[in-house]
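A.B. asks: Below you'll find the structure I mean.
The values are calculated or read from the model by the stated rules, or taken from the named source; none is laboratory data. These figures come from a predicted structure and were not determined experimentally. Because the Cβ atoms are built from the backbone with ideal geometry, glycine has one as well, and the counts that use them run over all protein chains shown. What goes into the accessible areas is simple: the full protein's heavy atoms, side chains included, and nothing from ligands, DNA or RNA. Shrake-Rupley method; radii C 1.70, N 1.55, O 1.52, S 1.80 Å.
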Amino acid sequence: MYICHVTTEFSPFAKAGGLADVLEGLCFQQMRDGHTVEIILPKYDIIDMTIFDSVEIYSQHLWSHENEKKIHNVVYKVIYKGLVIFLIDPDHEHYYFSKGCIYGSAIDANRFVYFSRACVDFIQHEKKTPHILHLHDWPTAAILPIMHYLTPTFFHQTCSVYTIHNLAHQGIMNPSILTHTGINIKKFFTPHCMQDTITTSLINLKKGAINLSDAITTVSESYAEEILTPKMGYQLAKDLNKNIDKISGILNGIDLQTWDPSTDPLIFENYPSNSTHLEKVKKAKNINKQKVLEKTSLDPNAEGPLVITIARLAEQKGPEYIIEAIKVTLEKKGQFILLGSFCDSEIEHTFNQIVEKYKGNKHVFFSFNFDNDFSHQLYSAADIIFIPSKFEPCGLVQLIAMTYGTIPIAAETGGLKDTVIDASCEKGNGFLFQTNALTNVEEVLETAFYTYHCKKGLWDTLICNGLNEQFGWKKPASKYQALYLNALEKKKIDINQTSM
Ligand code: ADP
């Protein structure tokens, strides 16, 4: 099958969060499964081009449009570990992808809608006819109306698959931004297609993609059910229910070549991700813990476990629960390391106050960066990872943590609920709690710390059960393949009859 992914993230060279990991893991697995896979991505200035096996200019003259102006783009073809990736580099007066970040510029809506138009021009110009055009989240959602308008025949031989990685981000914006791509949006700017349900003067790109795509996926089975409810589906629950036959939940995996403690070059001491070598795992994790404590100047002789949180510090990730967990962990003589990045100035201000509060404390360390190397070291060193998300479409941190022998304490929601099994159950691999009261933090940490100190057999079993889980991409990729085939069959597209 010929599969083309359009995305705004790809790990490790364009990573802001889990979307990047998903693209990396899924695309490599699809390539291993024998599919022809291509990826289209913006050429951000933050991409280190030396990471690629080869770099060539694929097209010197890709012309696209914005606001009746012709915009010139260069398209690079790079090979990354065998995968073909096209990077679109617009020669734009606002330097669209030279902002030093993936998201967070004031003109994100303009730049990603422009990118969507440029992708359509690229696909058309190169006469690409993938069987599957797989789009990811709001930044690439505008491709659907643009294609429906500019190249309606394209859809006769291609199925569009749209993955909702997080329903909270919808791409709600002024309709003129989409009009600037040169399309007449009259047909799309309706309550049944992409008019925002709450602010009717705006368009909602995610709503449009839900209504225009051939198939919709989201990243865990529980989240696929949750988004159908008014509480978790925001204003899109109605559209999602209308399209219920198109929706599937496929749990994400993790790339087991990147996330393998036995070969991970970023950690201090390698060890097998295998319960039959539990003693080796524990010994190596202890060495890694000492190295991390040394690196962060924390007390090497604490009585309690090392608890970590690694997250984008957004409202979704439960910042007040993280702050509570730091307090409780320190009271219980454990240690806490928080690796977090900010996208919200209020939350940043709150955490700056917390840093002040704990200044000089040798049992807590804060790193407010996006630091991939340090994240690997933390997974390999910690006893517990604390994940208090208020909602979580899938969550990758718990999957990585379990692969590294670190026990998750997670909120009982979405993909966390699908992957973390409470210690009180058979095959338990962690602890679950509800994020409906701050007092639940003390309760769940109390249980976990008690298990750590006094029920060592159970603690080891939890580690082993986590290590025994297989969170690779083999299974999810085969589910995507079945979904693609089903969508193609519904549209009566015979992949043996269509050219690549
Ligand atoms: P989300 O996609 O909502 O941010 P996920 O749990 O799905 O959350 O994925 C988060 C990914 O980003 C994981 O690979 C995690 O290790 C990584 N990550 C999150 N915050 C940081 C950070 N501050 N530094 C390095 N890696 C981070």
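A.B. asks: In whole Å, what are the Cα extents of the stretch 324-403 along the three principal axes, biggest one first?
C.D. replies: 33, 30, 25
A.B. asks: Continuing with this model, one more query. Across bins of 5 angstrom width beginning at 0, how are the C-alpha pair distances of the stretch 231-317 distributed, in whole percent?
C.D. replies: Going from the shortest bin to the longest, the percentages are 3, 10, 12, 14, 15, 12, 9, 6, 9, 8, 3, 0.
A.B. asks: Could you pull out the trypsin sites (Lys or Arg not before Pro) across the stretch 374-464 that fall in loop regions by DSSP (anything but H, G, I, E, B) with no more than 16 other Cβ atoms inside 10 Å? Don't skip to the answer; put the middle values down first.
C.D. replies: Numbers: sites: Lys390, Lys417, Lys427, Lys455, Lys456; in loops: Lys390, Lys427, Lys455.
Qualifying residues, ordered by number: Lys427, Lys455.
A.B. asks: Determine the percent antiparallel among the DSSP beta bridges restricted to the chain, to the nearest 5.
C.D. replies: Working: 22 of 69 bridges.
In the chain, approximately 30 percent of DSSP beta bridges are antiparallel ones.
A.B. asks: Please name which of Leu438, Ala209, Ala106 has its Cα lying farthest along the dipole of the chain towards the positive end, using unit charges on Cβ (Lys, Arg +1; Asp, Glu -1) and the Cα centre as origin.
C.D. replies: Positive-most Cα among the choices belongs to Ala209.
A.B. asks: For the stretch 56-123, run through the trypsin sites (Lys or Arg not before Pro) and keep only the ones in DSSP coil with at most 13 other Cβ atoms within 10 Å of their Cβ.
C.D. replies: Hits after loop and neighbour filter: Lys81.
A.B. asks: Quick one: grab Rg to one decimal and Dmax as a whole number for the stretch 360-500, Cα atoms only, in Å.
C.D. replies: 19.4, 68
A.B. asks: Based on DSSP H runs of at least 4 residues, each adding -39500 (n - 2.57), what is the mean residue ellipticity at 222 nm of the chain after dividing by all its residues, to the nearest 500 deg cm²/dmol? Don't jump to the answer; show the numbers that get you there.
C.D. replies: Working: 16 runs with 179 residues, N = 500.
That comes out to -11000 deg cm²/dmol.
A.B. asks: Next up: With +1 assigned to the C-beta of every Lys and Arg and -1 to the C-beta of every Asp and Glu, and no other charges, what is the dipole magnitude of the chain about the Cα centre in debye, to the nearest 20? Before the final figure, lay out each step's value.
C.D. replies: Working: 46 positive and 56 negative charges, 128 e Å.
The calculation lands at about 620 debye.
A.B. asks: Test of understanding: given the chain, find the longest segment containing no GluC sites (Glu not before Pro) that are in a DSSP loop and have at most 12 other Cβ atoms within 10 Å. Spell out each step's value before the answer.
C.D. replies: Details: sites that count: Glu68, Glu93, Glu303, Glu426.
Free of exposed loop sites, the longest segment is 94-302.
A.B. asks: May I pose another question? Hey, if you drop one equal point scatterer on each alpha-carbon of the stretch 102-184 and run the Debye formula without solvent, what base-10 log of I(q)/I(0) do you get at q = 0.14, 0.19, 0.21, 0.25 Å⁻¹?
C.D. replies: -0.47, -0.86, -1.03, -1.34
A.B. asks: Report the relative contact order of the chain, percent, no decimals, based on alpha-carbon pairs under 8 angstrom and at least 6 residues apart. Display every interim value, and only then the final one.
C.D. replies: Numbers: 997 pairs, mean separation 63.5, N = 500.
Relative contact order comes out at 13 percent.
A.B. asks: Here is a follow-up. Of Lys127/Lys207; Lys283/Lys317; Lys289/Lys417; Lys295/Lys362, which sit over 22 Å apart, Cα to Cα?
C.D. replies: Working: Lys127/Lys207 28 Å; Lys283/Lys317 31 Å; Lys289/Lys417 28 Å; Lys295/Lys362 12 Å.
Distance filter (> 22 Å) returns Lys127/Lys207; Lys283/Lys317; Lys289/Lys417.
A.B. asks: Now for a different question. Each residue of the stretch 360-371 in turn: what ³J(HN,Hα) in whole Hz from Karplus with 6.51, -1.76, 1.60 and θ = phi - 60°, glycine and Pro shown as x?
C.D. replies: For the stretch 360-371, the Karplus curve yields x, 6, 7, 10, 9, 9, 10, 10, 9, 9, 9, 10 Hz.
A.B. asks: Averaged over every viewing direction, what's the projected area of the C-alpha convex hull for the stretch 311-361? Give it in nm², one decimal, please. Numbers along the way, then the final one.
C.D. replies: Details: hull surface 13.5 nm².
That works out to 3.4 nm², a quarter of the Cα hull's surface.
A.B. asks: In percent, how large is the relative contact order of the stretch 184-288, given Cα pairs closer than 8 Å and 6 or more residues apart?
C.D. replies: Working: 121 pairs, mean separation 18.0, N = 105.
Normalised by residue count, the contact order of the stretch 184-288 is 17 percent.
A.B. asks: When the solvent-accessible surface of protein heavy atoms is calculated with a 1.4 angstrom probe, in what order do Ile57, Ile323 fall, highest first?
C.D. replies: Details: Ile57 80, Ile323 40 Å².
Descending order: Ile57, Ile323.
A.B. asks: Which semi-axes, in whole Å and largest first, does the equivalent ellipsoid of the stretch 171-292 have when worked out from the alpha carbon gyration tensor as the square roots of 5 times its eigenvalues?
C.D. replies: 46, 18, 13
A.B. asks: May I pose another question? Where in the stretch 72-91 is the amide nitrogen less than 14 Å from a point lying 7 Å along the Cα-to-Cβ axis of Asp53?
C.D. replies: Label zone hits: 78-85.
A.B. asks: Right, something else. Would you calculate the convex hull of the Cα atoms in the stretch 225-269 and tell me its volume per residue in Å³?
C.D. replies: Spread over its residues, the Cα hull of the stretch 225-269 gives 120 Å³ apiece.
A.B. asks: Now for a separate question. In the stretch 123-204, what % of DSSP beta bridges are antiparallel (nearest 5)?
C.D. replies: About 40 percent, rounded to the nearest 5.
A.B. asks: Normalise the Debye intensity by I(0) for the stretch 56-215, one equal point scatterer per Cα, no solvent, then take log10 at q = 0.09, 0.13, 0.16, 0.17 Å⁻¹ and round to two decimals.
C.D. replies: Values returned for q = 0.09, 0.13, 0.16, 0.17 Å⁻¹ are -0.28, -0.60, -0.94, -1.07.
A.B. asks: A follow-up question, please. Determine, from the Cβ-Cβ distance of Asn361 and Tyr95 and an R0 of 51 Å, the FRET efficiency 1/(1 + (r/R0)^6), rounded to the nearest 0.05.
C.D. replies: Details: r = 43 Å, r/R0 = 0.83.
Once the sixth-power term is evaluated, E becomes 0.75.
A.B. asks: What whole-number distance in Å separates the alpha-carbon centres of the stretch 214-240 and the stretch 109-134?
C.D. replies: 26 Å
A.B. asks: Same structure, new question: Please report, in whole Å³, the volume per residue of the convex hull around the C-alpha atoms of the chain. If you can, show how the numbers build up before the last one.
C.D. replies: Numbers: hull volume 72.4 nm³, N = 500.
With only Cα atoms used, the chain gives 145 Å³ per residue.
A.B. asks: How much space per residue, in cubic angstrom, does the convex hull of the C-alpha atoms of the stretch 360-402 take up? All intermediate terms of the calculation are to be shown ahead of the outcome.
C.D. replies: Values: hull volume 5.0 nm³, N = 43.
Per-residue hull volume (Cα only) is 116 Å³.
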